[in-house]
DNA sequence: GTGAAAGCGCTAACAG
DNA sequence: CTGTTAGCGCTTTCAC
């Protein structure tokens, strides 16, 4: 039998309510009593029963995270651990725990969320994706549950979220290529239904337009976040009368495929084709040549996401949408000067 | 105010206990009542309050996972998501939730575990590392909390765990090189204090010995699970009078560095130096050449780990230690025949 | 400043 | 087969 508040009370010669007040740091409690009770708690190794506490307080000091299904985003593979470290760092600081849940399909997912929310297991929810017309978001809004989206909702623009400025990031990446003297710049894209893809494509287009460079439909290939995606894209994109001499690639993972495809086709990087990519995963600097990539601040995304969510839960004022700064990490794959033509 | 068991009871014209019995699928309840109550539950959108349930049942149907600190294992970056998917799949099936916690240092970590265990928040714990003389394990044993280790404990051999047969895996990998005609085989190692490193080194040595091949101290380099580790190792290992013509590398991540180091030194892979590695992360097939790697069944590790832990919690008989099968995925980096010498 | 008592939502004897 | 009753461990009025 675990030690309860009563055991502490008895040994300290006070009432259970006093012990409770000491735990809650109630102001109207004498310093002496407080000290005495704390001593006894230590002696006995007392730890409050969270279930009882939650039952009466109607909060769990726990936030939920739905583990995305693999189909959704393969890039999570390299994103998830770092992101969760950021989340955990903030949660630990704030004294919250994290409950991870999931479902094998949309229906199960919705059921899980309902169960957790209605069952009082979580005080808020962190969402790691942004599908169009997401029933989970509708549910959370209806039930008035605090939640926060990592990314951007395509349906609502008043959804609390933390994100990168993907338009600006792609703009910067493209600008970088332009500053290297590139004029024929293509774009290897991701799934078109993702906000991230749309935003990065927009930034790319914007940079081209501003610089008065041509935008060619044939220079833009849509792909998946898959191993082969970038690889395959090369056959089609480079097999044109006037192929691009530089590529903005949606993600490092895809960029590895691009690199491989180009090499096999006999192109040299960056001499024949320069490459800029996104997400800056640990391996970007290990390829040959190392890939220039936009660091999206994965840890910071997680840290800020949980911070905002907790603020929402505690009804502190928060801005609806926060942007995490990105940073272009220039490596050889994009440098004209690296090997002058 | 959420719907409680009382609301359901009133509307269904029964007592709260009857509703409770219906939820628990108690055998002595009439089919009619059961149906009626379930109808009402659906109508009202009732979901049981988990806190109240846990309080009285003294179980939380939740297992804990301690998020390892980054310093511990960088290879977790590529391991974590896949592993967690396996864990979640099994937990969802079994109707358990997952609580993730962590600490910034050993003391905090121990405190967190104590808090969760004593506070009744978790029924068992999944440990993702195996430090020598781990205070967390001592605590869990003392408190008699079900737990399961992923990997192998260096201190106790009666700790419930799920692991790969790393000796056999390294043996197989080395054997493969030998079958390719390799006779001078080196080993790029990881941190020596890890059981995984020790086991793989043992398997490597065993294969050499069995084949009557020389084991040279200079052909074995210890490293970290770091980007530069494999890269740097090449300078020292290849700079010997008789350098190895094949390498067994502790991890894919390190192997990327090895690949890069060798290429820069002017060696061709696999013609001059053949490579076999471990963990088979998604990028192993994207390098040039693609790397032969031992797949360790990451998803399966997670799935089995939670399965075993749940069995332990439910006091079903479980074997203390379970091994997940590995599988050598042969790619170009190890094939002599690929480009005959 | 502290204690007594009621109750959070649920389960589990004990009756009937 | 079902209802009544008594808590699980904690917080929180309401007294004093």
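Derivation of every value follows stated rules applied to the coordinates shown; laboratory data play no part. Remember, it's a predicted structure, so these values are computed and weren't measured experimentally. Heads up, the Cβs are rebuilt from the backbone with ideal geometry, glycines too, and the neighbour counts pull from every protein chain shown.
Could you work out the relative contact order of chain B? I mean the mean sequence separation of Cα pairs under 8 Å and 6+ apart, divided by the number of residues, in percent. It would help to have the intermediate numbers written out before the result.
Working: 603 pairs, mean separation 58.0, N = 341.
In percent, rounded to a whole number, it is 17.
Treating the angle as unsigned and between 0 and 90°, give the value, to the nearest 10°, between the Cα long axis of helix B:106-118 and the longest Cα principal axis of chain B.
With both axes taken from Cα atoms, the answer is about 30 degrees.
Mind checking the mean number of beta-carbon atoms from other chains within 10 Å of the Cβ atoms in B:2-11?
1
Over the stretch A:211-341, what is the relative contact order in percent, taking alpha-carbon pairs closer than 8 angstrom and at least six residues apart?
Details: 187 pairs, mean separation 28.7, N = 131.
Relative contact order of the stretch A:211-341: 22 percent.
Distance between the C-alpha centers of the stretch B:134-171 and the stretch B:1-38? Whole Å please.
Answer, in whole Å: 44.
Provide, in order from the shortest bin, the percent of all Cα-Cα pairs of the stretch B:82-226 in each 5 Å bin, continuing until the bin that contains the maximum pair distance.
2, 8, 15, 16, 15, 13, 10, 8, 6, 4, 2, 0
Give the order of B:41, B:288 when sorted by the count of other beta carbons within 10 angstrom, beginning with the fewest.
Arranged by neighbour count, lowest to highest, B:41, B:288 become B:288, B:41.
Can you show me the helix-derived [θ] at 222 nm for the protein assembly as shown, built from DSSP H runs with n ≥ 4 at -39,500 (n - 2.57) apiece and divided by the number of residues, rounded to the nearest 500. Intermediate results must be reported in sequence, preceding the final value.
On the way: 24 runs with 301 residues, N = 682.
Theoretical 222 nm ellipticity from helices: -14000 deg cm²/dmol.
Can you give the mean number of other chain Cβ atoms that lie within 10 Å of the Cβ atoms in peptide B:54-66?
Across the residues of B:54-66, the mean count of other-chain Cβ atoms within 10 Å is 3.
Taking the Cβ of each residue in B:167, A:150 as the centre, tally the other Cβ atoms inside 10 Å and list the residues starting with the fewest.
The order, fewest Cβ neighbours first, is B:167, A:150.
Taking only C-alpha pairs under 8 Å that are 6+ residues apart, what is the relative contact order of the stretch A:5-45 in percent? Intermediate values should be presented prior to the final figure.
Numbers: 28 pairs, mean separation 16.7, N = 41.
RCO, the stretch A:5-45: 41 percent.
How tilted is helix B:252-264 with respect to the longest principal axis of chain B? Cα atoms for both, answer in degrees (0 to 90, nearest 10).
20 degrees
Per residue of A:115-123, how many C-beta atoms from partner chains lie within 10 Å of its own C-beta, taken as a mean?
Working: counts 4, 3, 2, 8, 9, 8, 9, 2, 0.
Mean number of neighbouring Cβ atoms from other chains: 5.
Going by a ≥ b ≥ c, the root eigenvalues of the Cα gyration tensor, does the stretch B:193-296 fall in the rounded group (a/c under 1.5), the prolate group (a/b larger than b/c) or the oblate group?
rounded
For the stretch B:286-322 and the stretch B:220-242, what is the separation of their C-alpha centers, rounded to whole Å?
30 Å
Give the nm distances, rounded to one decimal, from residue A:325 to the matching residue in every other copy, measuring between label points 7 Å along Cα toward the beta carbon; shortest first.
Relative to the other copies, residue A:325 has label-point distances of 5.2 nm.
Give the dimensionless ratio obtained when the Cα radius of gyration of the stretch A:1-80 is divided by 2.2 N^0.38 Å.
Working it through for the stretch A:1-80, the quotient is 1.69.
Considering the Cα trace of the stretch A:5-45, what is its radius of gyration and what is Dmax, both in angstroms?
8.8, 25
Once the Cβ-Cβ distance between residue B:57 and residue A:224 is put in as r, and R0 is 60 Å, what FRET efficiency do you end up with, to the nearest 0.05?
Rounded to the nearest 0.05, the efficiency is 0.85.
From zero outward in steps of 20 Å, how is the percent of C-alpha pairs of the protein assembly as shown spread across the bins?
Histogram of Cα-Cα distances, whole percents per bin: 16, 44, 31, 9, 0.
Take A:247, A:323 and order them by how many other Cβ atoms sit within 10 Å, fewest up front. Spell out each step's value before the answer.
Details: A:247 32, A:323 16.
Listing A:247, A:323 from fewest to most nearby Cβ atoms yields A:323, A:247.
Using the alpha-carbon atoms, what tilt in degrees (0 to 90, nearest 10) does helix B:166-179 show relative to the longest principal axis of chain B?
Rounded to the nearest ten degrees, it is 30.
Placing a label point 7 Å from Cα toward Cβ, how far apart in nm is residue A:141 from its equivalents in the other copies, listed shortest first to one decimal?
5.5
In the Gaussian network model of chain A, springs joining C-alpha atoms below 10 Å, which of A:258, A:318, A:220 carries the largest mean-square fluctuation?
A:318
Can you tell me the Rg and Dmax of the stretch A:89-150, counting just the alpha carbons, in angstroms?
Cα-based Rg and Dmax for the stretch A:89-150 come out at 11.8, 34 Å.
Report the residue, chosen from B:45, B:86, B:203, that carries the largest GNM mean-square fluctuation when chain B is represented by alpha-carbon nodes joined by springs under 10 Å.
B:45
Between A:245, A:304, A:18, which gets the highest mean-square fluctuation from a Gaussian network model of chain A, Cα cutoff 10 Å?
In this elastic network of chain A, the residue with the biggest mean-square fluctuation among A:245, A:304, A:18 is A:18.
Dimensions of chain B along principal axes (Cα, Å, largest first)?
Rounded to whole Å, the extents work out to 88, 39, 35 Å.
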